[in-house]
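In what follows, a single structure is set out as structure tokens and then discussed.
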Amino acid sequence: MLAVKVPKREAEKVRRKLLELGVLAKGYSVKREGDFVFFPVTGPVEGFELVEAEFEKTGKRPHSYREVVEVPDELRPLLPSSFDIIGDIAITELPEELMPYGKAIGEAILKVHRHIKAVFAKGSKVSGEYRVRELIHLAGERRTETLHRENGIRLRLDVARVYYTPRLATERMRVFEKTQPGEVVFDMFAGVGPYAILLAKRAKLVFACDLNPWAIKYLEENRRLNKAFNVIPILGDVRKVAGRVKADRVVMNLPKFADRFLKEAMMSVKPDGVVHYYGFGPEEDLFSEHEAKIKAVARELGLKVEFLDERKVRPYAPRQFNIAIDFRVE
Ligand SMILES: C[S@@+](CC[C@H](N)C(=O)[O-])C[C@H]1O[C@@H](n2cnc3c(N)ncnc32)[C@H](O)[C@@H]1O
């Protein structure tokens, strides 16, 4: 098509002039070659060098994979409106009806989100002591290790071998903001260290325990990556560690079973120290059951607790929430 050829240094001035004259052709990308810029025009323009050139059509880039994916129309309403992004890996949750179209869905995600290199579907619920889930490869690289950024820290992790969810980033920042300089922190269920490494920016020392050897391997790597040398990784069952560590702040991020470890948490907290407890609760009564368990264990140990803060962290299942209770142990 017809184009105006101008030296690079004059390009902006000429672009404005062509716009003013109303001759700049819409829907094409401006072309750059060496020291020259080529503007597509709708017809001859006096006073400029005119040449013949080819231009790429711009066209609006789709924002969502749902705009480009090909699935039968009746299944379209089932396409998930969001998915988790961990580093350069996407993890989506597909209803059974959409599983036969997993490859097409994965490829559409890769096409629209250029920074994503691998797409997986959740193949099971989070389960077992390590709290991991099966993943089904849909498209892109068959790789499960990635580097994720959260709250200003970098976390290397393998999404198939360790627990990690980006959905707790805000909650982790909340606990960070409560952490005071000089504190000793005990992260009882540390995973790859999203709490431990973050809190180590303020705390004096962070003991970070986990049962999963893969979690501790990545925690050690993340400690180096973030120069968080005040994090002390501990591989093993927290039951064997509790009581030997004395901390100003204890983090219990194991919502499925945290109630079974309340004794260990209270044995590890210094007088007037704070425990960040997590659990799951039904919408109609989020906290009562957990409060009762916390009070019962405190009574058993001859301690007193003061509830400082209670909140919903995120939805977990229909009418169920992941909840947080912060309490002080006197
Ligand atoms: C829900 S994940 C939380 C990980 C991390 N805090 C996070 O926010 O990503 C719970 C972690 O607790 C670990 N775990 C489970 N039982 C444990 C035990 N008895 N002692 C130590 N760690 C345990 C699991 O391996 C898992 O990494």
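Here are a few things to note about the model shown:
- Residue within region 81-96 that is β-branched (Val, Ile, Thr) and more than 25 Å from the chain's Cα centre (by Cα) present: no
- Members of region 170-209 that are farther than 15 Å from HIS276 by Cβ and either surrounded by fewer than 24 Cβ atoms within 10 Å (Cβ to Cβ) or more than 12 Å from the ligand (Cβ to nearest atom) (or both): PRO181, GLY182, ALA200, LYS201, LYS204, LEU205
- Here VAL175 clears all of (1) touching a helix residue (DSSP H, G or I) at 6+ places or on another chain (Cβ under 8 Å); (2) more than 20 Å from ASN322 (Cα to Cα); (3) β-branched (Val, Ile, Thr) except the condition numbered (2).
- Filtered by the rule that a residue be closer than 26 Å to ALA196 by Cβ, under 16 Å from the mean Cα position of the chain (by Cα) and among the charged types (D, E, K, R), region 108-132 gives a lone residue, LYS122.
- Among the residues listed as ASP237, ASP259, ASP210, the single one being under 22 Å from the mean Cα position of the chain (by Cα) and among the acidic types (Asp, Glu): ASP210
- Of everything in region 47-63 that is outside any loop (DSSP other than H, G, I, E, B) and hydrophobic (A, V, I, L, M, F, W, C), the residue that is surrounded by the fewest Cβ atoms within 10 Å (Cβ to Cβ) is VAL51.
- Candidate set: region 149-162, residues that are part of a loop (DSSP other than H, G, I, E, B) and either within 9 Å of the ligand (Cβ to nearest atom) or within 11 Å of the chain's Cα centre (by Cα) (or both); chosen: the one nearest to LEU135 (Cα to Cα): VAL162
- Some residue of region 241-253 being charged (D, E, K, R), surrounded by 14 or more Cβ atoms within 10 Å (Cβ to Cβ) and within 13 Å of the ligand (Cβ to nearest atom): no
- Being at pLDDT 95 or above, on the phi > 0 side of the Ramachandran plot and surrounded by 18 or more Cβ atoms within 10 Å (Cβ to Cβ) is a description that applies to GLY87.
- Filtered by the rule that a residue be touching a residue at least 24 places away in the same chain (Cβ under 8 Å) and out of contact with any strand residue (DSSP E or B) (no Cβ under 7 Å at 6 or more places or on another chain), region 11-37 gives LEU21, SER29, ARG32.
- Hey, VAL231 free of Cβ contacts under 8 Å to residues at least 60 places away in the same chain and within 14 Å of the ligand (Cβ to nearest atom) or not: yes
- The combined condition, being outside the structural domain of LYS26 (by TED's automatic domain parsing) and of a type in the set (Asp, Glu), is not fulfilled by GLU46.
- Filter result for the condition that a residue is more than 16 Å from the ligand (Cβ to nearest atom), surrounded by fewer than 17 Cβ atoms within 10 Å (Cβ to Cβ), not aliphatic (A, V, I, L, M) and not assigned by TED's automatic domain parsing to the domain that holds ALA228, over LYS122, LYS111: LYS111
- Selection count, region 210-236, where residues are surrounded by 21 or more Cβ atoms within 10 Å (Cβ to Cβ) and of a type in the set (Phe, Trp, Tyr): 1
- Taken over region 256-295, the criterion of being more than 18 Å from VAL245 (Cβ to Cβ) and acidic (Asp, Glu) is satisfied by ASP259, GLU283, GLU284, ASP285, GLU289, GLU291.
- Summed over region 14-46, the residues that are in a helix (DSSP H, G or I) and among the charged types (D, E, K, R) give a count of 4.
The values are calculated or read from the model by the stated rules, or taken from the named source; none is laboratory data. Just so you know, these numbers come straight off a predicted model, no measurement behind them. All Cβ positions, glycine included, derive from the backbone under ideal geometry; neighbour counts span all protein chains shown.
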